[in-house]
1. Going by how many other Cβ atoms sit within 10 Å of their own, how do 184, 42 line up, fewest first?
2. Fewest to most neighbouring Cβ within 10 Å: what's the order for 14, 180?
3. Need one number: nm distance between label points at residue 147 and residue 111, each 7 Å from Cα along Cα→Cβ, rounded to one decimal.
4. Taking the chain as a Gaussian network, where each spring joins two C-alpha atoms under 10 Å apart, which residue of 102, 185, 46 fluctuates the most?
5. In nm, to one decimal, how far is the modelled label at residue 161 from the one at residue 95, with both set 7 Å along Cα→Cβ?
6. Counting other beta carbons within 10 Å of each residue's own, what order do 192, 155 fall into, fewest first?
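Bear in mind these aren't lab numbers, they're just calculated from the coordinates by the rules spelled out. Being a predicted model, the structure only gives us computed values, none of them experimental. Note: ideal-geometry Cβ built from the backbone for every residue, glycine included; neighbour counts use all protein chains shown.
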């Protein structure tokens, strides 16, 4: 039986930063010691070997930039996972996030794909006000998933520290921005599910 191809489209959280990058030259600089373990698609594929996860994460991209890569990433896939938004927040442009995500969800469905949407992770290094911005965006993303009838993957709550609202637990954050290997493992094994 052929594997089910899942296209994971997003930013550095999909790519696996800070310890993994889809670009071979960057990986060469980082080193190959982790062999992909610093990315949630790696752990999702280990948990469900019938899946072939295609990592289309590019660090630093906003949702409009991610959307421009959708068709190439999704070619030949049966499932599309859409993740992004924190770079929009970092660049002071959170307003278009929900509509850009909606457009990607709709385009994926037009292409005949099963689609899942990912909410934003807590951002420990985000600075004042970002926790509230992320909370509001995640509420909008939850509404969007319900309106569009797609699965929402709860990345935020999977790594959130209940003692420190707006932050990932210390053992699951690598650099203030991205998860550790253990954090990515939790996302791939606990938060990832296939959309119906």
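1. 42, 184
2. By the 10 Å Cβ count, ascending: 180, 14.
3. Roughly 2.2 nm, to one decimal.
4. Checking each option, the largest mean-square fluctuation is seen for 46.
5. 3.3 nm
6. On the way: 192 27, 155 24.
Result, fewest neighbours first: 155, 192.
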